[in-house]
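The values are calculated or read from the model by the stated rules, or taken from the named source; none is laboratory data. All figures in this text were calculated on a predicted structure; none of them were measured in a lab. FYI the Cβ positions are ideal-geometry reconstructions off the backbone, even for glycines, and counts take in every protein chain you see. What goes into the accessible areas is simple: the full protein's heavy atoms, side chains included, and nothing from ligands, DNA or RNA. Shrake-Rupley method; radii C 1.70, N 1.55, O 1.52, S 1.80 Å.
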Amino acid sequence: MDFDFDLFVIGGGSGGVRAARVAAQEGAKVALAEEDRYGGTCVIRGCVPKKLMVFASEYGGMVEDAQAYGWDIQPGAFNWKTFQGKMYAELDRLENIYRGILKNNNVETFDQRATVADAHTVRLADGTEKTAKHILIAVGGRPTKPEIEGIDLAITSNDIFHLDALPESILIVGGGYIASEFAGIMNGMGVKTTQFYRGEQILRGFDDEARTHVANEMIERGVDLRLNTNAVKLEKDGSQVRVTDTNGDTQLFDKVMFATGRAPNTDGLGLEALGVELGRKREIIVSEYSQTGVPSIYAVGDVTDRANLTPVAIREGMAFVETVFKGNPTKPDHDLIPTAIFTQPEMGTVGLSEEEAKALGPIEVYATSFKPMQQSFAGRSEKVFMKLVVSQANRKVLGCHIVAPGAGEMIQLAGIAVKMGATKEDFDRTVAVHPTMSEELVTMKTPTRTG
Ligand code: NDP
């Protein structure tokens, strides 16, 4: 049977664009449909603008530190509009790069919504249908909000980049990556920031000691973090929002942002009618090769809710092309994914938390906390935290957790060693780079505890 295309990709984010490009480079005839902006969550409303906001929010503190180092400069006011204009321009530039990648590789693009009509047919919003030998769904996810009274008054991470002005006060609800990152950003930009988290400690699932360190430093820097607290009701009060919490208290905020999780964008795609299985969160259930129960339909990225990270979506997209277009069946490797949480302070982590490792067998824990030279000289009391979790049985470093300026950069490199199966003795025989913070990773000689 003749198809219009070898591959039709739905979704122009990290996973979809990568798969489309690499498949096209293999000689496949490829199309891609995107209903919004090219670049997807990461480029348009996630990682990239978020990180720019992290950078912007850190300069106030840097000016203070510079004064301590003898620079005759005064902190001024942060101009949100100036920054926002530059951020928008940068996102436009990146979106153009994404469009260019597709164009230069002869991927035909359709700037409209696409749904799946049957196992080999995609229906575009304008009613036209295109056939393809393979369909790749890479439509990502979206923020979700719980159904509490007045929830429409709350914004999500999609909206935070588009504020007309910085609020004087903000409440951020949630304790995951997004809530905790934006609590730091807003606080750094001078917004009076409150964060509600319903559980005992933010960043559930990460190493207990590391996340407690992050939380304590966030509080130290001015975030009003309220644990075991959730919002139950929102009401409009003039230009503000009155929030009632689970303790029965009420407080007024200029803005309320919910970062209470994300959901896969599977609604209305036509998948259920075709027999493509969806999970409890409406994520697409796929095999280790990213294949759905309908053999011609594959899915990668956040819509499959495996590890919802851009580099993982890219890996999944590449593995899909290896499998389907290069005749080399390849499973994306989801083991030992290093990741950074751009909280302030930043956290980098790879492998098992102490709690997870302990449940699997006897371990040694090497942990240290100290004032880093640069910040200490500037009179700051903040401390960094480093931890290695080591298997007693085979001496392998099972987990590495860093809370420090630049922790994301550090964990990328430590992640290579951990991925290679480095032992504690491999770390020990590596010469320290002095004076740095990360040298502590190779100089911790005595276990802090065993378990
Ligand atoms: P997460 O799933 O990480 O966190 C959701 C948070 O909201 C949790 O603290 C959760 O609490 C809480 N929550 C859920 N439902 C409710 C509710 N009804 N009321 C109050 N609180 C609630 O989602 P995020 O939105 O923060 O991020 C989504 C994903 O995006 C991440 O898992 C990550 O994969 C990715 N991401 C990665 C980043 C990075 O790499 N730096 C940055 C941003 C996002 P509880 O813990 O109790 O369930």
Above-threshold pairs, the threshold being 27 Å between Cα atoms, out of LYS233/LYS281; LYS145/LYS331; LYS29/LYS281; LYS29/LYS51; LYS358/LYS424: LYS145/LYS331; LYS29/LYS281; LYS29/LYS51
The chain: C-alpha gyration tensor shape, a/c 1.5 cut-off, then a/b vs b/c: oblate
Label-point separation in nm, GLU26 to GLU129, each point 7 Å along Cα→Cβ: 2.7
Positive dipole terminus of the chain, leading residue within ALA357, GLY16, GLY199 (C-beta point charges): ALA357
Those GluC sites (Glu not before Pro) in region 186-230 that DSSP places in a loop and that have at most 16 other beta carbons within 10 Å: GLU200
Cross-link reach list, aspartates and glutamates versus LYS130, counting only Cα pairs under 12 Å and skipping chain neighbours closer than eight places: ASP2, ASP4, ASP6, GLU108, ASP118
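Express in nm, to one decimal, how much length is gained between GLN392 and GLU288 on full extension, taking 0.36 nm for each residue of separation and deducting their alpha carbon distance.
34.3 nm
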Aspartates and glutamates whose Cα lies under 13 Å from that of LYS255, excluding same-chain neighbours fewer than 8 positions away: ASP152, ASP159, ASP164, GLU168, GLU235, ASP237
Accessible area expressed per residue, region 24-150, with surrounding protein chains retained (probe 1.4 Å, Å²): 53
Residue-averaged 222 nm ellipticity for the chain, from DSSP H runs of 4+ at -39500 (n - 2.57), nearest 500: -9500 deg cm²/dmol
Charge dipole (debye, nearest 20) of region 1-123; +1 at Cβ of Lys and Arg, -1 at Cβ of Asp and Glu: 100
Of LEU163, THR229, ALA422, farthest towards positive along the dipole that unit charges on Lys, Arg, Asp, Glu beta carbons give the chain: ALA422
Distance from region 173-225 to region 234-265 (C-alpha centre basis), Å: 16
Listed peptides 226-234, 15-23 by packing density, highest first (mean Cβ within 10 Å): 15-23, 226-234
Alpha-carbon centroid distance for the pair region 380-445 / region 104-169, whole angstrom: 39
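If you take the beta carbon distance between ASN247 and ASN216 as r and set R0 to 22 Å, what does 1/(1 + (r/R0)^6) give as a FRET efficiency, to the nearest 0.05?
That gives a FRET efficiency of 0.55.
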Note, ³J(HN,Hα) from phi for region 18-23, Karplus 6.51, -1.76, 1.60, rounded to Hz, x at Gly and Pro: 4, 4, 4, 5, 5, 5
Signed unit charges on C-beta, dipole axis of the chain, positive-most listed residue ALA407, GLY46, GLN67: ALA407
Residues with amide H under 5 Å from that of GLY261, placed H, sequence gap 5 or more: THR144
Rounded FRET efficiency, nearest 0.05, which uses the C-beta distance separating ILE151 from GLN201 and R0 of 25 Å: 0.50
Percent carbon-and-sulfur accessible area, region 311-451, ignoring ligands, DNA and RNA, probe 1.4 Å: 56
Heavy-atom surface of region 254-373, accessible at 1.4 Å and reported per residue (Å²): 42
HIS162-ALA307 pseudo-label distance in nm [points 7 Å out on the Cα-to-Cβ vector]: 3.2
Point-to-point label distance, LYS281-LYS192, nm (Cα→Cβ direction, 7 Å offset): 3.5
Apportionment of accessible area to carbon and sulfur, region 1-81, percent (1.4 Å): 50
J(HN,Hα) series, region 394-407, from Karplus relation 6.51 cos²θ - 1.76 cosθ + 1.60, nearest Hz, glycine and proline x: 10, 6, 5, 7, 8, x, 9, 10, 10, 10, 5, x, x, 4
Amide H within-cut-off set for ILE172, under 5 Å, with H built and near neighbours excluded: THR194, GLN195, PHE196, MET257
